[in-house]
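Trainee: One structure, pasted below without further comment.
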Amino acid sequence: MIYNTKTNFPENFLWGASTSAYQVEGAVLEDGKSPSIIDMYEHPKDTAGFRIASDYYHRYKEDIQWFAKMGLKAYRFSIAWTRILPEGTGKINQPGVDYYKNIIAECRKYKIEPVVTMYHFDLPYCLEEQGGWNKRETVDAFVEYARVLFEIYGREVTYWLTINEQNTMILHPGAIGLPKGGTLPTKKELYQQNHHMMLAQARVMKLFHKMVRNGKIGPALNLTAMYPASCRPEDAIAAHNWVSIRCWNFADVPVFGTYHPLAFSYMKDRGIAPEILPGDMEILKDADPDFIAMNYYSTATIGASRNDSSDVAARAGDQQIMLGEQGVYRPEENPYVDKTKYGWVIDPVGFRYTLRKVYERYHLPILVTENGIGAPDILEDGKIHDDYRIDFLKKHLIQMKLAIADGVEMIGYCPWAAIDVVSTHQGYKKRYGFIYVDREEFDLKEMKRYPKDSFFWYQKVIAENGKSL
Ligand code: BGP
């Protein structure tokens, strides 16, 4: 519709990059930190765990200096609940508090806007042992944790994200790992957990608006547009089922205070709807996010269910590979897009399409909190020629610029990842960062940092506010 290539990125656009605590910090049990549920994840034998990760816990000063050199205007990182409240609630762990104070101070020193994720897959394991998100007590625990964060960091941090990829945790519980010996929750349990997370998020947003006057808070979901596999009406219905269940059901609750009607009927029909107590819906209405944060990697292509078990098996995989569900939808291949080595669809135009869809639905400014390509980067003579990453990011940024021309209000762009982090499934074999961390799966070497070619490319993009894209 609109191809206004003259559109520029807004002044003060937050050119950023992201990490999460468990994937970058290491020091899993240091300075009073207790294990989180994801720290207890059972890794495949040939894959690095999270115990040391990129050792950022000890090297954050050097790393943030690199971020400043790259010219970042924003840095999205997560706070580990287990560093602040090792028992989940109660006693505050001062070294943990100081650690994030220092990180925020380092960011401010270089005029980098800190963007804080409060919860990135890392529920304290001690709370999990007491029932985790199955229990309403965990809602209170999250509110208590939030109050501590807002009290301590509320004056220093403007942009806050509540929960990272709640939809991934609920729809792909196996994808983000299971503690050793753990069993997957049933769908009924998962949707009850989801309801509790929704309540926790709404209460935290309400509290935030009272405590942090000039701050902004939003949910961080994995959002993606979809295509019907054909113009067959049954495919269109299935695709609509998919996007309602996979995306809108998770964003409608914080924004509108209601479950998506179609997704709720689906939950009722399958006997997996959550138990909603009197007063819950009023709590959900209080959320009132200031913006939507979204992680975007791929689009999905969806066809009508074949009504047999092959729907589920069609493309089993990780969080970005769509699972089917008998009677509801079936994942299909899209002949018009490429895929990464790991089977994730590469679809820059789909990024523009997703931004348009999200903005049209919610009328809230958007902060992109993840986008990127995982690859087995190669270090040669101190250099990493990751032209595939430059190509990926450039194409996505061009589409984002077009989305801005379409009228989508954008706050910023924080691709995954600022620096190499441990991938949840593929360790250091699959890297995303602008900065290379020289370690192998098990040989830690000296973990020296090297800027990749994409680092210098992004540095230029930021310096000219995306003008030459
Ligand atoms: C998102 C998560 C990130 C990160 C990213 C890449 O779903 O929010 O934490 O892990 O995916 O995933 P992976 O490392 O599995 O390739």
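Trainee: Return the residue satisfying two criteria in turn: it lies in the stretch 448-469 and is of a type in the set (Gly, Ala, Ser) and in a loop (DSSP other than H, G, I, E, B), and of such residues it is nearest to Lys73 (Cα to Cα).
Mentor: Gly466
Trainee: Between a residue in the stretch 158-177 that is on the phi > 0 side of the Ramachandran plot and any residue that is surrounded by 20 or more Cβ atoms within 10 Å (Cβ to Cβ) and modelled with pLDDT of 95 or more, which pairs come within a Cβ distance under 6 Å, given they are 6 or more apart or on different chains?
Mentor: The qualifying pairs are Glu165/Asn222.
Trainee: Quick check, is Ala105 surrounded by fewer than 20 Cβ atoms within 10 Å (Cβ to Cβ) and modelled with pLDDT of 95 or more?
Mentor: Answer is yes for this residue.
Trainee: Next question, about the same structure. With respect to the numbered conditions (1) buried (at least 23 other Cβ atoms within 10 Å of the Cβ); (2) part of a helix (DSSP H, G or I); (3) not aromatic (Phe, Trp, Tyr), which one is the sole condition not fulfilled by Ile398?
Mentor: Among (1) buried (at least 23 other Cβ atoms within 10 Å of the Cβ); (2) part of a helix (DSSP H, G or I); (3) not aromatic (Phe, Trp, Tyr), the lone unmet condition for Ile398 is (1).
Trainee: Does His385 satisfy the condition of being within 23 Å of Thr340 (Cβ to Cβ) and within 16 Å of the ligand (Cβ to nearest atom)?
Mentor: no
Trainee: Okay, next question. Do we have Ala236 as free of Cβ contacts under 8 Å to residues at least 40 places away in the same chain, hydrophobic (A, V, I, L, M, F, W, C) and away from the ligand (no atom under 16 Å from the Cβ) here?
Mentor: When the stated conditions are applied, Ala236 passes them.
Trainee: Among the residues of the stretch 209-228, are any part of a loop (DSSP other than H, G, I, E, B), in contact with a Cys (Cβ under 8 Å, 6 or more places away or on another chain) and touching a residue at least 40 places away in the same chain (Cβ under 8 Å)?
Mentor: yes
Trainee: If you go through the stretch 146-159 one residue at a time, do you hit one that is closer than 24 Å to Ile103 by Cα and within 16 Å of the ligand (Cβ to nearest atom)?
Mentor: Within the stretch 146-159, none of the residues are closer than 24 Å to Ile103 by Cα and within 16 Å of the ligand (Cβ to nearest atom).
Trainee: For Ile163, work out the one condition from (1) modelled with pLDDT of 95 or more; (2) away from the ligand (no atom under 16 Å from the Cβ); (3) hydrophobic (A, V, I, L, M, F, W, C) it doesn't fulfil.
Mentor: Exception for Ile163: condition (2).
Trainee: Between a first residue in the stretch 383-394 that is without any contact (Cβ under 8 Å) to a residue 40 or more places away in the chain and a second residue that is surrounded by 15 or more Cβ atoms within 10 Å (Cβ to Cβ), which pairs have beta carbons less than 8 Å apart while being 6 or more apart in sequence or on different chains?
Mentor: Partner pairs satisfying both residue conditions: Tyr388/Ile373; Tyr388/Ala375.
Trainee: If you don't mind, there's one more thing I want to ask. Can you pull out every residue in the stretch 405-422 that is surrounded by fewer than 20 Cβ atoms within 10 Å (Cβ to Cβ) and either within 11 Å of the ligand (Cβ to nearest atom) or not in a loop (DSSP other than H, G, I, E, B) (or both)?
Mentor: Listed by number, the list holds a single entry, Ala405.
Trainee: A follow-up question, please. Looking only at residues in the stretch 280-331 that are polar (S, T, N, Q) and surrounded by 18 or more Cβ atoms within 10 Å (Cβ to Cβ), which one is farthest from Arg203 (Cα to Cα)?
Mentor: Ser305
Trainee: Checking Asp122 against (1) charged (D, E, K, R); (2) within 16 Å of the ligand (Cβ to nearest atom); (3) without any contact (Cβ under 8 Å) to a residue 24 or more places away in the chain, which single condition isn't satisfied?
Mentor: Evaluating Asp122 over (1) charged (D, E, K, R); (2) within 16 Å of the ligand (Cβ to nearest atom); (3) without any contact (Cβ under 8 Å) to a residue 24 or more places away in the chain leaves (3) as the failure.
Trainee: Further, regarding this structure: Which of the following residues is part of a helix (DSSP H, G or I) and under 30 Å from Val243 (Cβ atoms): Thr138, Thr117, Thr162?
Mentor: None of the other options fit; the residue is Thr138.
Trainee: Enumerate the pairs (first residue in the stretch 421-440 and among the polar types (S, T, N, Q); second residue anywhere and near the ligand (Cβ under 7 Å from one of its atoms)) with beta-carbon separation below 6 Å, excluding pairs fewer than 6 apart on the same chain, so at least 6 apart or on different chains.
Mentor: Ser423/Lys430
Conditions tested, residue by residue: (1) modelled with pLDDT of 95 or more; (2) within 30 Å of Lys401 (Cβ to Cβ); (3) part of a helix (DSSP H, G or I); (4) of a type outside the set (D, E, K, R).
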site: Asn4; (1), (2), (3), (4): no, yes, no, yes
site: Glu11; (1), (2), (3), (4): no, yes, no, no
site: Gln23; (1), (2), (3), (4): yes, yes, yes, yes
site: Gly49; (1), (2), (3), (4): no, no, no, yes
site: Arg59; (1), (2), (3), (4): yes, no, yes, no
site: Leu72; (1), (2), (3), (4): yes, yes, no, yes
site: Thr89; (1), (2), (3), (4): yes, no, no, yes
site: Val97; (1), (2), (3), (4): yes, no, yes, yes
site: Tyr100; (1), (2), (3), (4): yes, no, yes, yes
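Trainee: Can you tell me which residue among Gly154, Gly96, Gly131 is among the small types (Gly, Ala, Ser) and without any contact (Cβ under 8 Å) to a residue 60 or more places away in the chain?
Mentor: After applying the criteria, what remains is Gly131.
Trainee: Looking at (1) in contact (Cβ under 8 Å) with a residue 12 or more places away in the chain; (2) over 26 Å from Tyr359 (Cβ atoms); (3) part of a loop (DSSP other than H, G, I, E, B), which one does Leu277 not meet, given that it meets all the others?
Mentor: (1)
Trainee: Any residue in the stretch 167-176 that is touching a strand residue (DSSP E or B) at 6+ places or on another chain (Cβ under 9 Å) and more than 16 Å from the ligand (Cβ to nearest atom)?
Mentor: Checked the stretch 167-176: no residue is touching a strand residue (DSSP E or B) at 6+ places or on another chain (Cβ under 9 Å) and more than 16 Å from the ligand (Cβ to nearest atom).
Trainee: Exactly one of (1) surrounded by fewer than 20 Cβ atoms within 10 Å (Cβ to Cβ); (2) within 16 Å of the ligand (Cβ to nearest atom) is unmet by Val115. Its number?
Mentor: Here Val115 clears every test but (1).
The values are calculated or read from the model by the stated rules, or taken from the named source; none is laboratory data. None of the values given here were measured: they were computed from a predicted structure. As a convention, Cβ positions derive from the backbone with ideal geometry for all residues, glycine included, and neighbour counts pool all protein chains shown.
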